[in-house]
Amino acid sequence: MNLIENQQIRCIDPRTGETVTTVDVTPEAQVPTLASAACDAQLLWFDRNLKDRKAAVSALHQAFLAHANDIAGLLAEECGRPAGEAWTAEIVANHELFGWWLSNIDDLLTATPVDLNPINYPGKRGRVRLDPKGLVGLITPWNLPVAIPLRTIIPAVLAGNAVLWKPSEHTPRVSALLASLFDAHLEPGLVSLVQGAGAQGAAVVTAGLDTVFFTGSVRTGRTVQLQAAHCGLPCSLELGGKDAAVVLEDANIDRAAHGITWAAFGFAGQNCAAVERCFVQRTVYDDFLKAIQDRVSALRPGDDVGPLVTAEQLSIVQAQLADAITRGAKVVAGGGECGPGYFHPPTVLTDVPADAQVMTEETFGPLLPIVPFDSVEDLADLVNATDFGLTTSVWTQNVDFGQSLAEQFNCGVVTINNHSFSGALASAAWGGTKDTGHGVTNSRFALYELTRPRTIIVDRSKQREMWWYPYNEALGQVTQGLVELSRSGGNRLPALGQVVAGLMRRWKE
Ligand code: ADP
């Protein structure tokens, strides 16, 4: 069953699997026109000063809050998102995101001075400012259809960029609502929406961008990177994860079980930083297992855990579960019937061999394998035995030891006694290693990917520079004398004399 037919996207409610409405696809031929209109809007937008741009983004912020109920409603219809998740992760977190960027953008965009030694560089001053890249391409997935685009769009427009945005074909309606807010409050056409799937995504990448940001699967990320390379574009990739949680024997077991249940089953596991592997020290393994079984059996379908967003994702989860069971894994919580719609019960597994798919491939669904370990010496090998490197958590009451252990993990974010929540913090850089990709969102480091430094030097000196023509003997005297002066063990006094004599000759010439 194709999601797109006759230039229409079928909008499926994953809670029932039923098509509820359709949305028009943006014709590929229209994408270059949208890109060119966005570039025109960008010139007008960047011409407005930062104060004015901030006022427009503040109005957008207010409109976002005023539409919070509509956004939560569409997230329920398009993703089956429980209200608790829609409000915490996609409304309150984004409200804070707006606030942080609005409060900090002046400082972050303030030009930094160039260091110019007045003896070598008399009469000169310089500064480096951050200019917008221009037109930012943004391709986003369905799992967090509001939070993922906004974390790039807000800093992008504050810095003066335009954005050509291709959201997932699975979440066109909440994307259209956001786009209507952008059009109403920013320069019209500045954030331009392209609805559709892979073909429209590819059309965005080749539409004359200045940079492209992609969040999604490794396979599509590689394709986008190749296309971007072909166009000579920088490309920021945020791909998947296979996060580990490590529970040490001195952990607060109740808190660890509570936190890991949320981190594994929040968003029905459809979060690139979901806990997909849990390593527990054998001395507390039974206690932890009992605590997590109690927590998981108390989860309420629909209220606490939503469905998978797509039928394809449900099939992947079912296949990984079947593979694990075939290889000897035991279901100790959850399992059982799927449905209604694309719902899969939150499921805890034990006795899972290290080469089972659920231990090696990204699941992006509500499966949690729990594996005992005997010695902390083995942990780095266990945690790092994945192609991904997004986040890892360590649960221990010995915070110093937890931090020293964390140094051994090859990943972008480490959290002690919690998991991955910093993804919602605008001031905390978010990114990973290995197949997770090299993209960074949030914090000043994300702003660096959305801007280009422009250095401006002003010279009020009337003198001829030492390094200008002619390259004569006096120049040699000065430069060699300077090196001799700075060399450890150099013959300082004669060198100083040589520099002074050389400079005097050069000024006279
Ligand atoms: P998933 O299958 O989990 O949705 P994808 O990586 O395929 O993850 O999709 C992420 C985003 O990339 C979506 O917006 C999707 O439409 C888009 N996309 C898919 N194929 C391509 C492509 N060839 N070029 C650009 N974007 C694409």
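Counting only residues that are under 25 Å from the mean Cα position of the chain (by Cα), modelled with pLDDT of 95 or more and farther than 30 Å from Val136 by Cβ, give me the strands (runs of 3 or more DSSP E) lying completely in the range 234-349 with at least 1 of them. Reasoning before the result, please.
On the way: elements: 235-238, 243-247, 275-281, 330-333.
Answer list for the range 234-349: 243-247, 275-281.
Would you tally the residues in the range 159-212 being of a type in the set (A, V, I, L, M), in a helix (DSSP H, G or I) and near the ligand (Cβ under 8 Å from one of its atoms)?
If we filter the range 159-212 for residues that are of a type in the set (A, V, I, L, M), which is where we start, we get 159, 162-164, 174, 176-179, 181, 184, 186, 190-191, 193-194, 197, 199, 202-205, 207, 209, 212.
The next check asks that each one be in a helix (DSSP H, G or I); those that pass are 174, 176-179, 181, 184, 199, 202-205.
Of the ones still in play, those that are also near the ligand (Cβ under 8 Å from one of its atoms) are 199, 202, 204-205.
Within the range 159-212, residues that are of a type in the set (A, V, I, L, M), in a helix (DSSP H, G or I) and near the ligand (Cβ under 8 Å from one of its atoms) number 4.
Can you go through Gln498, Gln480 and tell me which one is surrounded by 13 or more Cβ atoms within 10 Å (Cβ to Cβ), within 50 Å of the chain's Cα centre (by Cα) and more than 19 Å from Leu116 (Cβ to Cβ)? Outline the logic, then answer.
On the way: Gln498 fails: within 50 Å of the chain's Cα centre (by Cα).
Unique residue meeting the criteria: Gln480.
Yes or no: the range 495-508 includes at least one residue that is small (Gly, Ala, Ser) and under 30 Å from Val128 (Cα atoms). Working first, answer last.
Quick first cut of the range 495-508, residues small (Gly, Ala, Ser) only: 495, 497, 501-502.
Of the ones still in play, those that are also under 30 Å from Val128 (Cα atoms) are none.
Within the range 495-508, not a single residue is small (Gly, Ala, Ser) and under 30 Å from Val128 (Cα atoms).
Here is a check on your reading of the model: is His95 touching a Phe, Trp or Tyr at 6+ places or on another chain (Cβ under 6 Å) and either without any contact (Cβ under 8 Å) to a residue 60 or more places away in the chain or surrounded by fewer than 20 Cβ atoms within 10 Å (Cβ to Cβ) (or both)?
On the way: touching a Phe, Trp or Tyr at 6+ places or on another chain (Cβ under 6 Å): no; either without any contact (Cβ under 8 Å) to a residue 60 or more places away in the chain or surrounded by fewer than 20 Cβ atoms within 10 Å (Cβ to Cβ) (or both): yes.
Judged against the criteria, His95 is not a match.
Looking at the range 36-53, which of its residues are of a type in the set (D, E, K, R) and either touching a Ser or Thr at 6+ places or on another chain (Cβ under 6 Å) or under 17 Å from Leu450 (Cα atoms) (or both)? Spell out how you get there, then give the answer.
The first filter runs over the range 36-53 and keeps only residues of a type in the set (D, E, K, R), leaving 40, 47-48, 51-53.
Arg53 - this is the single residue of the range 36-53 that is of a type in the set (D, E, K, R) and either touching a Ser or Thr at 6+ places or on another chain (Cβ under 6 Å) or under 17 Å from Leu450 (Cα atoms) (or both).
Tell me which residues, restricted to the range 138-158, are within 10 Å of the ligand (Cβ to nearest atom) and either modelled with pLDDT under 95 or in a loop (DSSP other than H, G, I, E, B) (or both).
Residues satisfying the conditions are Thr140, Pro141, Trp142, Asn143, Pro145.
I need the helices (runs of 4 or more DSSP H) fully contained in the range 395-509, keeping only those with at least 3 residues that are farther than 29 Å from Ala256 by Cβ and not aromatic (Phe, Trp, Tyr). Please lay out each step first, then the result.
Values: elements: 399-406, 443-450, 473-486, 492-508.
Filter on the range 395-509 gives 443-450, 473-486, 492-508.
The values are calculated or read from the model by the stated rules, or taken from the named source; none is laboratory data. Since this is a predicted model, take the numbers as computed values, not measurements. No Cβ is skipped: glycine too gets one built from the backbone with ideal geometry, and neighbour counts run over all protein chains shown.
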